[in-house]
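The values are calculated or read from the model by the stated rules, or taken from the named source; none is laboratory data. Keep in mind that this is a model prediction, so the values were computed, not measured. Here the Cβ positions follow ideal geometry from the backbone for every residue, glycine too, while neighbour counts run over all protein chains shown. SASA here: full protein model, heavy atoms, side chains in, ligands and nucleic acids out. Shrake-Rupley method; radii C 1.70, N 1.55, O 1.52, S 1.80 Å.
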Amino acid sequence: MVTMSTVQKKERRLPFLQGILPIVPSQIPIDIVAGITLAALGIPEVMGYTKIAGTPVITGLYTLVLPVAVFAILGSSRHLVVGADSATAAILAAGLVGLATPNTTQYVELASVLAIMTAVFLIIARIIRLGFLANFLSRSVLIGFLTGVGIQVALGQVGGMLGVNATGRGPIEKFFSAIQQIPQANIATVIISASVLIIIVGAGMINNRIPGALIAVVGSIIASYALNLSANYGVAVLGPVPGGLPPIGLPHVQLTNIPQMVATAASIFIVILAQSAATSRAYAMRYFESFDENVDLIGLGMANIAAGISGTFVVNGSPTKTEMVVSAGGRSELAQITTAVIVVIVLLFLTGPLAYMPNAVLSSVVFLIGLRLIDLKGMSGIFRVSPEEFIVATITAVTVVVVGVEQGIILAIVLSIIIQISHSYKPSDATLVPMPRGHWQTTVVDQNKEDEPGLVVYFFGASLYFANAVRFSEEIVRLVDDAQPQVKWLDVDAAAMIGIDYTGADTIRQVHTILQKKGVTLAFSNVIDDVKKELDRYGLTKLVGKEHIYDSLPDVLAAYQKETKQVEEEPTS
């Protein structure tokens with residue numbers, strides 16, 4: 001059977017334009033409209049992200065020019081939108097603290113270098129085929145991390161929405177500082193902030209395609225110009241915003257700063273890897289399309305190089321922007337190319353009015369972005385099905401808010417590793433019992449059921465490695481010691497065992513020795529080819545005996561019955 005995915009794979013022979021080709025003529029107008037929609041919704045959003053990153057507003061628009069176009073050409077996903085992102089912007093800001101003052105030329109240069117450093121990580125990951133690492137962060141930990149980022153981002157914008165100068169080291173201190181200054185809040189600024197929130201939320205409730213943020217931005221600029229809000233009411237505004245295309249060139253920084261940014265670049269790399277691949281996979285599955293996460297690594301890497309040489313900060317695959325395009329009907333990267341063209345037009349002709357935009361508008365937009373990152377539905381879902389993982393997700397979120405974003409992502413990685421080890425340390429072990437119709441039923445190991453007198457089939461539900469090797473040996477020995485009648489054969493059903501490390505191999509040797517002393521034959525069944533090769537390499541096939549490695553459980557049962565019958569028929573002296 002030839003699937004749509006198979007057809008597309010045959011058509012995609014070029015190492016580029018995989019997200020655009022094949023072009024469907026009837027889809028072109030829809031993709032263009034989707035690109036216009038993305039520009040209308042995304043421009044205010046990326047301008048808001050600059051408040052998180054600590055860079056000038058214009059750099060947000062730059063993220064929607066070269067980086068978007070480069071990924072559209074070099075990526076494999078037909079849907080993923082690459083641009084500024086709240087999580088990576090927050091990590092960037094945390095990593096550049098102390099190296100330069102936000103919104104300065106030096107700070108922007110460092111942010112651009114960080115984008116190039118992140119690109120190096122992404123390209124190296126492609127060369128050594130590390131795309132699979134995208135699956136390494138557990139979904140529960142990632143939800144907790146993004147929720148923590150959302151809380152941190154939202155708390156940090158309250159001062160700007162009130163028109164007061166909130167001080168403090170972290171978002172919590174800044175939030176309480178802003179709350180304490182409510183009596184000194186600028187009334188006009190508060191009204192503007194409330195109006196922006198009402199317009200954006202109201203537009204979303206009516207129809208997600210209504211560009212509420214754009215309406216709020218344009219409306220606030222007109223009101224600011226007409227009423228002279230800055231002079232008459234003390235409302236802080238952006239001031240002059242440079243126009244024109246982004247400057248092209250390598251950033252200039254001191255080499256001594258680069259080692260201090262390696263950990264930050266690595267943290268951003270992990271988030272990009274996990275978030276971009278998850279988004280691409282979700283939409284590829286929705287539309288029965290294929291994508292190559294390793295090809296996307298090149299696209300993301302080159303997009304970040306484009307960001308670095310065009311005077312802006314790191315870009316990431318954005319779930320929110322991707323949904324904007326898909327909801328508007330976009331089905332290829334042609335929509336993203338359209339967005340880039342529109343942003344170029346804005347940069348060339350429409351940056352002048354931005355000078356009148358109140359700062360509170362961006363604070364309000366970012367505040368809502370933060371709230372949307374707080375995944376209460378996801379957290380409650382984790383709590384219902386896995387309270388333990390909910391605790392892990394909560395710890396991650398609290399760490400991000402209280403300690404910092406970089407520390408939060410490091411903790412997220414560590415906790416993901418711990419979750420993986422805990423699952424494989426205590427796999428779904430069972431004993432298997434044959435049923436009348438040829439099926440095999442699993443039973444709890446503690447029940448010590450024998451398939452027939454003297455035969456126990458032990459199912460080990462994970463790869464055998466250093467973390468669970470002791471459990472493997474202890475359960476086998478307990479099964480043999482507690483069984484009635486005495487065990488003669490113990491078969492390990494290795495259907496779920498996809499690998500054996502050195503410790504696991506040594507454990508099998510020890511188990512074989514123990515069972516041999518007890519007069520028990522050790523056998524293996526349902527061993528996949530890769531594990532058979534590992535058994536050969538470790539010398540375990542020779543130790544156990546090739547005749548005791550079976551293709552299926554019925555083969556084990558038949559061999560055991562045959563041996564038992566032969567023993568019973570032997571004449572006694």
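A few notes on this one:
- Most to least packed among 223-231, 81-89, 68-76, 471-479 [average Cβ atoms within 10 Å]: 81-89, 68-76, 471-479, 223-231
- Given their separation in residues at 0.36 nm each and the Cα-Cα distance between them, T513 and T105 gain 140.0 nm when the chain is fully extended.
- Proximal charge balance of T507 [Cβ under 14 Å; K/R count +1, D/E count -1]: -3
- Legend: helices of the chain (whole DSSP H runs) are marked when their alpha-carbon atoms reach 27 angstrom or more along the helix axis and their mean Kyte-Doolittle hydropathy is at least -1.0; marked are 28-53, 105-127, 187-206, 258-286, 405-425.
- The figure for R139 is an accessible area of roughly 150 square angstrom, using a 1.4 Å probe on the protein chains alone.
- Max-minus-min Cα coordinates of segment 488-573 on each principal axis give 45, 27, 17 Å, with the largest extent listed first.
- Take every DSSP beta bridge whose two residues both sit in the chain; close to 45 percent of them are antiparallel.
- Reported to the nearest whole Å, the Cα centre-to-centre distance from segment 69-102 to segment 405-419 is 20.
- R0 of 22 Å, Cβ-Cβ distance D481-D506: FRET efficiency to nearest 0.05: 0.55
- Volume per residue of the C-alpha convex hull in segment 143-300, rounded to whole Å³: 218
- Its Cα gyration tensor gives segment 158-218 an equivalent ellipsoid. The semi-axes, each the square root of 5 times an eigenvalue, are 27, 13, 8 Å from largest down.
- Kirkwood radius and radius of gyration were both taken over the C-alpha atoms of segment 34-82, and their ratio Rg/Rh is 1.00.
- Whole-Å semi-axes of the ellipsoid equivalent to segment 228-369 (Cα gyration tensor, √5λ, descending): 31, 23, 16
- The chain - charge dipole about Cα centre, Lys and Arg +1 at Cβ, Asp and Glu -1, debye rounded to 20: 1560
- Straight-distance crosslink candidates among aspartates and glutamates, where the alpha carbon sits under 18 Å from K426 and sequence neighbours closer than 8 are dropped: E388, E389, D446, E474, E475, D493, D501
- Using a Förster distance of 51 Å, the FRET efficiency for E547-E388 (Cβ separation, nearest 0.05): 0.70
- Annotation: amide H of S552 within the under-5 Å range of N526, sequence separation 5 or more or interchain, hydrogens built in the peptide plane.
- The alpha carbon radius of gyration of the chain, expressed as a multiple of 2.2 N^0.38 Å, is 1.22.
- Distance between modelled label sites at H252 and V201, nm, 7 Å Cα→Cβ extension: 4.8
- Modelled spin labels at D555 and A355, positioned 7 Å past Cα toward Cβ, are 8.1 nm from each other.
- Computed log₁₀ I(q)/I(0) - Debye formula, equal Cα scatterers, no solvent, segment 357-409, q 0.14, 0.16, 0.25, 0.30 Å⁻¹: -0.50, -0.61, -0.97, -1.06
- Once the Cα-Cα distance is subtracted from the 0.36 nm per residue extended length, the Q180 to N208 segment shows a gain of 6.5 nm.
- Linear extension gain, Q566 paired with K533, 0.36 nm per residue minus alpha-carbon span: 8.7 nm
- Segment 461-503 and segment 310-327 have Cα centres lying 48 Å from one another.
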